[in-house]
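Notes follow the structure.
Derivation of every value follows stated rules applied to the coordinates shown; laboratory data play no part. Computed from a predicted structure; not experimentally measured. All Cβ positions, even for glycine, are placed from backbone atoms using ideal geometry, and neighbour counts span all protein chains on display.
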Ligand code: AMP
């Protein structure tokens with residue numbers, strides 16, 4: 001018998017309402033236990049707020065504008081009412097539920113006889129994801145309308161959350177691992193480790209049911225199933241990295257691009273992104289050079305792709321990102337941005353996992369298998385001066401900094417340890433003024449937690465936004481900030497409160513990008529507040545002219561993309 005989607009929605013509702021971890025695990029484990037094997041992976045993914053498995057190439061490609069438009073169309077409510085409910089709940093799913101419950105529009109009948117099942121919902125998601133190309137927007141809308149039309153308010157709540165990816169439910173992956181362990185009586189450590197290796201807890205849950213402990217204990221790497229990435233912690237400088245790594249370490253250039261995991265078997269190559277999404281189609285030339293160069297018949301390698309100019313100099317990150325946006329028919333004619341791949345690790349070769357092989361041997365194997373593909377520039381040293389010179393060399397060549405890799409280190413999928421350290425000299429922080437703020441989501445709803453940051457135009461005195469951030473402040477600071485901003489509010493519209501420029505904050509960021517979004521034409525990338533500058537008044541804030549100066553300085557090191 002197929003399990004109705006409603007049972008899943010009701011479970012999510014209960015999980016959200018309870019604070020007891022034990023009870024949550026109990027509920028989830030019972031639910032998983034009652035499912036048919038083929039329902040397990042879709043259910044696990046959906047409870048975690050995802051339409052598909054973590055590394056699925058499928059993408060719903062549905063925007064908030066489309067979904068909210070659809071809800072208004074189905075229910076006939078006006079934008080204003082919708083926005084009000086939305087700002088009260090702070091969550092798109094809950095707002096949808098409330099609106100559907102209160103709307104008097106007669107919805108499709110026979111909800112009861114025709115209950116949506118978990119598998120039907122998954123099939124609809126697949127259909128939506130497969131709808132691409134000319135006229136796909138209308139067809140997608142139609143499919144969403146049909147799906148939402150069949151859903152009860154509580155079902156719609158969770159469907160909408162899944163549509164608008166990124167809305168987190170409280171039940172995260174760690175808890176899901178515990179629930180799977182409990183449901184199928186497998187030691188938690190085994191579930192955690194195999195989930196790390198497989199890269200997706202949904203698939204592990206299915207195996208736990210169908211193959212039990214024996215199956216999970218055997219799980220290893222498989223080509224075309226992405227591996228969770230090893231991550232790095234930050235080090236302030238090369239001295240700290242050398243100290244941390246006991247005096248001698250490998251330094252590599254840190255390239256500011258996109259991390260890729262390349263899987264090869266015979267002539268077939270697939271590439272996965274940092275988030276383990278299949279991006280093979282966006283990167284034909286990377287596939288081509290991998291196919292031509294990688295010696296091993298079967299291998300998993302890692303590298304970083306950067307965008308370059310004619311002279312192979314790195315160009316700003318934003319140009320690279322364009323490659324991953326949806327490929328529209330029109331864009332095929334546009335000149336492709338040249339890419340360059342640098343390999344830095346090898347995790348698997350010809351049936352053998354290399355995660356327990358120390359870094360120097362992996363690097364050796366990488367050299368042997370990379371063909372003509374360049375490896376990341378690397379030195380091994382115990383000397384501060386040599387490391388500092390190497391850092392300068394990396395920065396002068398337009399790269400982001402260095403990675404320090406411990407010599408005896410193994411590859412630990414999914415962990416952010418100290419055996420890899422990143423050293424990134426940052427751009428100088430800016431003192432900026434908050435000119436508007438938006439209410440947050442979830443726990444932060446009711447708090448003004450997303451801030452528009454502006455620099456002063458020295459010529460006109462106007463404050464011009466250069467970025468937006470919700471990062472850096474503690475809860476207590478956000479609450480206090482909310483009070484202060486409300487006191488100086490000038491306008492409050494659609495959850496955005498415009499204020500008189502009064503509060504100065506110190507802001508760190510990684511890069512200044514060209515951006516049409518703001519009047520000044522520039523935007524800070526990865527802005528985060530590092531301090532509230534109560535000691536400063538807006539007239540002390542940094543100027544737009546200074547922002548422009550830093551923006552220009554970046555290009556003294558980086559190449560330029562002629563667009
Ligand atoms: P972060 O994203 O700031 O945590 O820095 C780690 C990221 O740096 C990795 O995920 C890679 O995408 C990137 N990276 C650039 N160069 C290297 C390198 N030589 N070794 C490892 N990662 C690198």
- line: From fewest to most C-beta neighbours within 10 Å, the residues 82, 526 line up as 526, 82
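How much length would be gained if the chain were fully extended between residue 311 and residue 20, taking 0.36 nm per residue of separation minus their Cα-Cα distance, in nm to one decimal? Display every interim value, and only then the final one.
Values: separation 291, 0.36 × 291 = 104.76 nm, distance 5.86 nm.
Value of the extension gain: 98.9 nm.
Taking Cα pairs under 8 Å and at least six residues apart, what relative contact order does region 5-163 come out at, in percent?
Contact order relative to length: 35 percent.
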query: Tell me, what are the semi-axes, in whole angstrom and largest first, of the equivalent ellipsoid of region 200-340 as set by the roots of 5 times the Cα gyration tensor eigenvalues?
result: 29, 26, 15
query: Once you wrap a convex hull around the alpha carbon atoms of region 467-506, what is its projected area averaged over all directions, in nm²?
result: 3.2
- prompt: To one decimal place, what Kirkwood hydrodynamic radius in Å is obtained for region 1-42 from all pairs of distinct Cα atoms?
  reply: 10.8
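Viscosity 0.692 mPa s, temperature 37 °C: give me the Stokes-Einstein translational D for region 178-278 in µm²/s, with Rh taken as the Kirkwood radius over C-alpha pairs. Kindly include the intermediate steps, with their values, before the conclusion.
Working: Rh = 16.3 Å.
So the translational diffusion coefficient is about 201 µm²/s.
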field: Which of 494, 399 has the fewest Cβ neighbours within 10 Å, and the rest in rising order
entry: 494, 399
- request: Compute the FRET efficiency between residue 142 and residue 385 as 1/(1 + (r/R0)^6), taking r as their Cβ-Cβ distance and R0 = 60 Å, and round to the nearest 0.05.
  value: 0.35
query: Sorted by average packing, counted as other Cβ atoms within 10 angstrom per residue and highest first, what order do 35-42, 406-413, 483-490, 190-197 take?
result: 190-197, 35-42, 406-413, 483-490
task: Take the Cα radius of gyration of region 221-280 and divide it by 2.2 N^0.38 Å, with N its residue count; two decimals is plenty.
output: 1.51
query: Between residue 519 and residue 490, what length in nm is gained on full extension when 0.36 nm per residue of separation is reduced by their alpha carbon distance?
result: 8.4 nm
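Please say if region 231-423 is rounded, prolate or oblate, where rounded means a/c under 1.5 for a ≥ b ≥ c the square roots of the C-alpha gyration tensor eigenvalues, and otherwise the choice is prolate for a/b larger than b/c and oblate otherwise?
oblate
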- line: Computed over region 422-497, the convex hull of the Cα set has an average projected area, in nm², of 6.9
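Taking the alpha carbon gyration tensor of region 370-450, what are the square roots of 5 times its eigenvalues, largest first, to the nearest whole Å?
Each semi-axis is the square root of five times an eigenvalue, giving 37, 20, 13 Å.
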query: Where Rh is the Kirkwood radius over the Cα pairs of region 173-216, the temperature 37 °C and the viscosity 0.692 mPa s, what D in µm²/s does Stokes-Einstein return?
result: 341
field: Rg/Rh (Cα only; Kirkwood hydrodynamic radius) as it applies to region 5-163
entry: 0.96
query: Given the C-alpha centroids of region 481-503 and region 62-89, what is the distance between them in whole angstrom?
result: 24
task: Determine one quarter of the surface area of the Cα convex hull of region 312-465, which equals its mean projected area, and express it in nm² to one decimal.
output: 16.5
query: Relative to the present Cα-Cα distance, how much length would full extension add between residue 13 and residue 477 at 0.36 nm per residue of separation?
result: 164.0 nm
query: Among 173-179, 452-458, what's the highest-first ranking by average C-beta atoms within 10 angstrom per residue?
result: 452-458, 173-179
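When you count, for each residue, the other Cβ atoms within 10 Å and take the mean per peptide, how do 343-353, 374-384 rank with the highest first?
Taking the mean over residues of other Cβ atoms within 10 Å, the ranking is 343-353, 374-384.
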field: Bins of 20 Å from zero: percent of alpha-carbon pairs in the chain
entry: 18, 48, 32, 2
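State whether region 430-556 is rounded, prolate or oblate according to the following rule on the C-alpha gyration tensor (a ≥ b ≥ c being the square roots of its eigenvalues): a/c under 1.5 gives rounded; otherwise a/b larger than b/c gives prolate, and the remaining case gives oblate.
Note, shape of region 430-556 comes out prolate.
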message: Quick check: pseudo-label points 7 Å beyond the Cα along Cα→Cβ at residue 392 and residue 127, how many nm apart are they?
response: 6.4
statement: The residues 20, 152, sorted from fewest to most surrounding Cβ atoms within 10 Å, come out as 20, 152
field: Of all DSSP beta bridges in the chain, antiparallel share, percent nearest 5
entry: 90
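Using r as the Cβ-Cβ distance of residue 427 and residue 248, and R0 as 30 Å, what FRET efficiency do you calculate, to the nearest 0.05?
Efficiency at R0 = 30 Å is approximately 0.50.
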